[in-house]
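**Student:** Before we start, here is the structure in question, set down as structure tokens.
Just so it is clear, none of the values below were taken in a lab; they were calculated from the coordinates. Predicted model, so just to flag it, every value in this text is computed and none were measured. When we count neighbours, we look across all protein chains shown, and the Cβ atoms used for this are built from the backbone with ideal geometry, even at glycine.
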Amino acid sequence: MEFLLVVQEELPDDDFQDSASYYGIEDIVTELIEFLRSEGEITSDNTPRWEGFETLASEYEVAL
């Protein structure tokens, strides 16, 4: 999942949102940021299940 790369590289939210704006995907990126900040408490159709996301992060050795 590409979102793990954003987490791993600690991309600032502003940079992430600027890129999202450029590509016209601001809504999706906002949902992903809220998902991460809330540790999976805030979800949408565009976010994975937190447990699966944690497992994937662990497999790739990405600290959440």
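**Student:** With the cut-off at 14 Å, report for the chain the share of all Cα pairs above it, as a whole percent.
**Tutor:** 56
**Student:** Where does each of 30-41, 10-21 land if you order them by average Cβ count within 10 Å, highest first?
**Tutor:** 30-41, 10-21
**Student:** Using Cα pairs closer than 8 Å and at least 6 residues apart in sequence, work out the relative contact order for the chain, in percent.
**Tutor:** 31
**Student:** Now, a different point. As I understand it, the dipole of the chain uses +1 on the Cβ of Lys and Arg and -1 on the Cβ of Asp and Glu, about the Cα centre. Which of Val6, Thr30, Ile42 lies farthest toward its positive end?
**Tutor:** After comparing all options, I get Ile42.
**Student:** With +1 on the Cβ of every Lys and Arg and -1 on the Cβ of every Asp and Glu, and nothing else charged, how large is the dipole of the chain about its Cα centre, in debye rounded to the nearest 20?
**Tutor:** 140
**Student:** At 222 nm, what helix-only mean residue ellipticity would the chain give, in deg cm²/dmol to the nearest 500, using -39500 (n - 2.57) for each DSSP H run of four or more?
**Tutor:** -19000 deg cm²/dmol
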